[in-house]
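Peer 1: Below are the structure tokens for one structure; questions will follow.
None of the figures in this text is laboratory data; all of them are computed from the coordinates on show. This is a predicted model, so every value here is computed, not measured. Neighbour counts are summed over all protein chains in view; Cβ atoms, including those assigned to glycine, are modelled from backbone coordinates with ideal geometry.
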Amino acid sequence: SLTDLKSIAADCARTSTGLGAFNVVHLETARILVEAAEHARRPIVLQISENAVKYHGALEPIGLATLAVARKASVPVAVHLDHAESVELIHEAVDLGFSSVMYDGSKLPYEANREATADVVRHCRAQGVSVEAELGEVGGKNGVHDPSARTDPDEAALFVAQTGVDLLAVAVGSSHAMVSRDAAIDTALVQRIHAAVPVPLVLHGSSGVSDEGMRAAIASGITKVNVSTHLTGIFTGAVRDFLEGHPAAVDSRKYFQEGNRRVEGEVERLLSLYAHAA
Ligand code: G3H
Ligand code: ZN
């Protein structure tokens, strides 16, 4: 069923388990992710990024399809707008019935990020929608991997108090769109931020983190684990294998099915790993 992100994240934080948050890139991705969550008997976050909205041309078709899948699920599912820099898009997601949004002001100077985030929180809170924000920029979206950005624990505490956000994305050594799984997470810093901040923490760019690294990050205080590139890589690899083995294939559903099957298996595995991290 469609559930508030704040309450699912609070449950996971209390039990020191990770909450898998995966990006819905195609209309059929939502169903695959929910099936994996139902098999693992874990809550899940289905997230649609501003980039995915650009790819689809609009939020409404993919957003409504994802909400419909979430409402039918036998496990708690949050439908979340990921990395929104457009406040207009955030308002649209709220009106469509999304459970939560991420306002990404991480490129802005502290003051501007704080003010814009606080405005988003005021609007969303009135509609019962939770808000994730980011402090300290997790890079990599421009293809350049610079995992050196760090969130300061004291500044994070101040930011959360001043804005009222429900979840905080932090820069602790990961970078977006990594293909290798060798990012070094600064778990000592995760512990310090976790001790300083009263809301669940989010790790972006989790595709770059190994199974062991993710276990350690969750045990140190990460709750929401954002993964996208790792799954699109698995999907593409499966499609490539299928087409190499079936050079005369025509029906696109045949190779999509192959990709979906392998993504579902990996998501089920990851959700179980996140559940047994501590
Ligand atoms: O917000 C989405 C995530 O941070 C995904 O990052 O593609 O590197 O796993 P990733
Ligand atoms: Zn991200």
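Peer 1: Which value in deg cm²/dmol, rounded to the nearest 500, describes the helix-derived mean residue ellipticity at 222 nm for the chain, given -39,500 (n - 2.57) per DSSP H run of n ≥ 4 and division by the residue count?
Peer 2: -16000 deg cm²/dmol
Peer 1: Separate question: Tally Lys/Arg at +1 and Asp/Glu at -1 over every other residue whose Cβ is under 14 Å from the Cβ of residue 255; what's the total?
Peer 2: Around residue 255, the charge tally is 0.
Peer 1: Next question, about the same structure. So what's the angle, to the nearest 10 degrees on a 0 to 90 scale, between helix 5-14 and the longest Cα principal axis of the chain?
Peer 2: 80
Peer 1: Kindly identify segment 1-65 as rounded, prolate or oblate by the Cα gyration tensor criterion: order the square roots of the eigenvalues as a ≥ b ≥ c, call it rounded if a/c is under 1.5, otherwise compare a/b with b/c, prolate if a/b is larger, else oblate.
Peer 2: Judged from the Cα gyration tensor, segment 1-65 comes out prolate (a/c at least 1.5, a/b above b/c).
Peer 1: Something else now. Can you figure out the FRET efficiency of residue 108 with residue 250, using R₀ = 45 Å and their beta-carbon distance, to the nearest 0.05?
Peer 2: My answer for the efficiency is 0.40.
Peer 1: Another one. Report, in whole Å, the centroid distance computed from the Cα atoms of segment 102-142 and segment 43-94.
Peer 2: Answer, in whole Å: 17.
Peer 1: Still on this structure: How big is the Rg/Rh ratio for segment 167-255, C-alpha atoms only, Rh by Kirkwood, two decimals?
Peer 2: Here the Rg-to-Rh quotient is 1.18.
Peer 1: Given the options 81, 19, 96, state which has the largest fluctuation in a GNM of the chain using a 10 Å cut-off (strictly under) for Cα springs.
Peer 2: For the chain, modelled as a Gaussian network with Cα springs under 10 Å, the answer is 96.
Peer 1: To the nearest 10 degrees, how steeply does helix 153-163 sit against the main Cα axis of the chain, on a 0 to 90 scale?
Peer 2: Long axis of 153-163 versus the principal axis of the chain: about 90 degrees.
Peer 1: If each residue of separation counts as 0.36 nm, what is the full-extension length gain between residue 240 and residue 74 once their alpha-carbon separation is subtracted?
Peer 2: 56.5 nm
Peer 1: How many angstrom lie between the C-alpha centres of segment 181-226 and segment 12-32?
Peer 2: 16
Peer 1: Can you tell me, using C-alpha contacts under 8 Å and at least 6 residues apart, the relative contact order of segment 5-275 as a whole percent?
Peer 2: Dividing the mean separation by the residue count of segment 5-275 yields 20 percent.
Peer 1: Also, I was wondering about something else. Return the distance in nm (one decimal) between the two label points of a simple spin-label model at residue 16 and residue 126, each offset 7 Å from Cα along Cα→Cβ.
Peer 2: Between residue 16 and residue 126, the simple spin-label model gives 4.1 nm.
Peer 1: Further question on the same structure: Normalised by the residues of segment 95-193, what does the relative contact order come to in percent, with Cα pairs under 8 Å and at least six apart?
Peer 2: 27
Peer 1: Still on this structure: In nm, to one decimal, how far is the modelled label at residue 162 from the one at residue 212, with both set 7 Å along Cα→Cβ?
Peer 2: Once both label points are built, they end up 4.0 nm from each other.
Peer 1: Within 14 Å, Cβ to Cβ, of residue 58, how many net charges do the neighbouring residues add up to if Lys/Arg are +1 and Asp/Glu are -1?
Peer 2: Summing Lys/Arg as +1 and Asp/Glu as -1 gives -4.
Peer 1: Pick out which of 245, 221, 140 has the largest mean-square fluctuation in a Gaussian network model of the chain, springs linking Cα atoms closer than 10 Å.
Peer 2: Checking each option, the largest mean-square fluctuation is seen for 245.
Peer 1: Multiplying the sequence separation of residue 181 and residue 87 by 0.36 nm and subtracting their Cα-Cα distance, what value in nm do you get?
Peer 2: 30.6 nm
Peer 1: Could you name the lysines whose alpha carbon sits less than 17 Å from that of residue 141, not counting residues in the same chain fewer than 8 places away?
Peer 2: The qualifying lysines are 54, 107.
Peer 1: Which of the lysines could a cross-linker bridge to residue 6, judged by Cα under 21 Å and excluding same-chain residues fewer than eight apart?
Peer 2: Once the sequence-local lysines are set aside, what remains near residue 6 is 72, 224.
Peer 1: After finding the eigenvalues of the alpha carbon gyration tensor for the chain, what semi-axes result from the square roots of 5 times each, listed largest first in whole Å?
Peer 2: Equivalent ellipsoid semi-axes, largest first: 29, 21, 18 Å.
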